[in-house]
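The values are calculated or read from the model by the stated rules, or taken from the named source; none is laboratory data. Since the structure is predicted, the reported quantities are computational estimates derived from the model, not experimental observations. Counting neighbours? That spans all protein chains shown, and the Cβs are built from the backbone with ideal geometry, glycine included. Ligands, DNA and RNA are stripped out before the accessible areas are found, and what is left, the full protein with its side chains, is counted by its heavy atoms. Shrake-Rupley method; radii C 1.70, N 1.55, O 1.52, S 1.80 Å.
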Amino acid sequence: KEGGAQRVWNVEGYVAELSSQGKTFQTMATLVPKNSVALSAATSGRLVSLTAKDGAIVKKGALLAKIDDSELRAQLKQAESNKMLAEQKEQRIRGLYEKNGATKQDLESVEASLKSAQASVELIRAQLAKTEVRAPFSGKLGFVDVSVGAWLNSGTPIAELSEVDRLKAKFSLPQRYASVIKVGDKISLKDSERNVEKQGVVSALDAVISESSRTRRVMVD
């Protein structure tokens, strides 16, 4: 796959259990990563840091790219200052209210202002989190498609991350066999290229048969 870390092998798959017709089926299958995701920017901005490397193995949560957050940091500092002032005012009015020196309306007003200030801080922190691109799971990166200093728009692809240590197999069965196989059936997978044989279990079947190819897709874990 161009620009991605996904590796694909053609393997032969065998249904290990006999069907009611007493037949064993053979078909070509494709091995794909258990999980694979295209990493992208969640917000627009200039890329100021890039630790992602072509083909690198990364751990879950690793910081791979960082977008300039200087403006948001300044906004957060101001929002936190406003929150502190709102807390102080709320405490002062609450003290007066408890001594009958302020009305309930006064107290409710400062409480609302405090909640607004807290929400502003939380919003900016959420926006700051979007300036970081982190690995959602451990895996292997494909080719990195960006460079430090580039302007990224929201959704700009950075690299593909694949969980290559855990694979699943996909194949299609002709319509005449599609009703025989079911979820839970054991499958024998053979990679002739590497001379490896593994056992798998059917985890999912496509809900419908393809009109164009008259086959049903099968997933094996």
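Condition first: of a type in the set (Lys, Arg), out of contact with any Leu (no Cβ under 9 Å at 6 or more places or on another chain) and free of Cβ contacts under 8 Å to residues at least 40 places away in the same chain. Can you find one or more residues in region 161-170 that meet it?
Just the residues of region 161-170 that are of a type in the set (Lys, Arg), to begin with: 166, 168, 170.
Now drop any that are not out of contact with any Leu (no Cβ under 9 Å at 6 or more places or on another chain), which leaves 166.
If we keep only those that are free of Cβ contacts under 8 Å to residues at least 40 places away in the same chain as well, we get none.
Looking through region 161-170, none of the residues is of a type in the set (Lys, Arg), out of contact with any Leu (no Cβ under 9 Å at 6 or more places or on another chain) and free of Cβ contacts under 8 Å to residues at least 40 places away in the same chain.
Here is a yes/no grid of residues against (1) polar (S, T, N, Q); (2) assigned to a loop (DSSP other than H, G, I, E, B); (3) surrounded by 12 or more Cβ atoms within 10 Å (Cβ to Cβ); (4) touching a residue at least 40 places away in the same chain (Cβ under 8 Å):
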{"site": "ALA102", "(1), (2), (3), (4)": "no, yes, yes, no"}
{"site": "SER116", "(1), (2), (3), (4)": "yes, no, yes, no"}
{"site": "SER120", "(1), (2), (3), (4)": "yes, no, yes, yes"}
{"site": "LYS140", "(1), (2), (3), (4)": "no, no, yes, yes"}
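Can you confirm whether region 174-192 contains a residue that is open to solvent by 60 Å² or more (accessible area, probe 1.4 Å) and within 30 Å of ALA56 (Cα to Cα)? Yes: region 174-192 contains one or more residues that are open to solvent by 60 Å² or more (accessible area, probe 1.4 Å) and within 30 Å of ALA56 (Cα to Cα). Among the criteria (1) surrounded by 13 or more Cβ atoms within 10 Å (Cβ to Cβ); (2) within 27 Å of the chain's Cα centre (by Cα), the one ALA126 does not fulfil is (1). Need pairs with beta-carbon distance below 7 Å; first residue polar (S, T, N, Q) and within region 174-185, second in a loop (DSSP other than H, G, I, E, B) and open to solvent by less than 90 Å² (accessible area, probe 1.4 Å); sequence gap 6+ or separate chains. Taking only residues 6 or more apart or on different chains, the pairs are GLN175/ILE209.
Considering (1) open to solvent by 50 Å² or more (accessible area, probe 1.4 Å); (2) in contact with a Lys or Arg (Cβ under 8 Å, 6 or more places away or on another chain), the lone condition that GLY149 does not fulfil carries the number (1).
Suppose we filter VAL218, VAL133 for residues that are open to solvent by less than 30 Å² (accessible area, probe 1.4 Å) and at pLDDT 95 or above; which single one remains? So that I can check it myself, show each step before the final result.
Numbers: VAL218 fails: at pLDDT 95 or above.
Criteria check complete, one pass: VAL133.
Just so you know, in region 71-83 the residues that are among the hydrophobic types (A, V, I, L, M, F, W, C) and either free of Cβ contacts under 8 Å to residues at least 40 places away in the same chain or over 15 Å from SER113 (Cβ atoms) (or both) include one that is surrounded by the fewest Cβ atoms within 10 Å (Cβ to Cβ), and it is ALA74.
Among the residues of region 186-204, the one identified as part of a loop (DSSP other than H, G, I, E, B), in contact (Cβ under 8 Å) with a residue 60 or more places away in the chain and farther than 22 Å from LYS140 by Cβ is SER192. Only residues that are open to solvent by 80 Å² or more (accessible area, probe 1.4 Å) and in a loop (DSSP other than H, G, I, E, B) were counted in region 155-173, giving 2. Scanning region 192-219 for residues that are within 29 Å of the chain's Cα centre (by Cα) and acidic (Asp, Glu) returns a single hit, ASP206.
Is it fair to say ALA86 is part of a loop (DSSP other than H, G, I, E, B), open to solvent by less than 30 Å² (accessible area, probe 1.4 Å), farther than 21 Å from SER44 by Cβ and not polar (S, T, N, Q)? No, not satisfied.
Checking the conditions here, which among GLY149, GLY55, GLY61 is over 30 Å from LEU31 (Cα atoms) and within 29 Å of the chain's Cα centre (by Cα)? Even if it seems obvious, please write down each step before you answer.
On the way: GLY55 fails: over 30 Å from LEU31 (Cα atoms); GLY61 fails: over 30 Å from LEU31 (Cα atoms).
One residue alone meets the criteria, GLY149.
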